[in-house]
């Protein structure tokens, strides 16, 4: 399965696609491509237990529903909200998207 990238906007997606093509052709170097990645892709933020609880409450959903959207168990969301564990990887990316665009953006 191919990785999909989430961009800040359609314009940023077009810019990044052009830069990726230029990188593949050898016109721009790896460091410049990293700068395009950082500028165009949706940033991933760290979330505290309170941040996660506030985000879920902002979306007005239960832990169970929130967990289903994120693709984790209800127990994981509960542990995140209590500060026992921290989200990582794809969960962080999805939480960042929910923070920026709302839960409907990943539905």
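If you build the Cα gyration tensor of the chain and take the root of 5 times each eigenvalue, what three semi-axes come out, in whole angstrom, biggest first?
Details: eigenvalues 208, 36, 26 Å².
Over the Cα atoms of the chain, the semi-axes work out to 32, 13, 11 Å.
Run the helix sum for the chain: -39,500 (n - 2.57) per DSSP H stretch of 4+ residues, divided by residue count, reported at 222 nm to the nearest 500 deg cm²/dmol. Spell out each step's value before the answer.
Numbers: 6 runs with 65 residues, N = 107.
The helix contribution divided over the chain gives -18500 deg cm²/dmol.
Which angle from 0 to 90°, rounded to the nearest 10, does the C-alpha axis of helix 30-40 make with the longest principal axis of the chain? With both axes taken from Cα atoms, the answer is about 50 degrees.
Once the C-beta distance of residue 34 and residue 85 is scaled by a Förster radius of 35 Å, the resulting FRET efficiency is 0.75 to the nearest 0.05. Rounded to the nearest 10 degrees, the inclination of helix 49-58 to the longest alpha-carbon principal axis of the chain is 90 degrees. Between helix 90-101 and the chain there is an angle of about 90 degrees, using the helix long axis and the longest principal axis of the Cα atoms.
Every number here is computed from the coordinates shown, using simple stated rules; none is lab data. Just so you know, these numbers come straight off a predicted model, no measurement behind them. In this analysis, Cβ positions are derived from the backbone assuming ideal geometry, glycine residues included, and neighbour counts consider all displayed protein chains.
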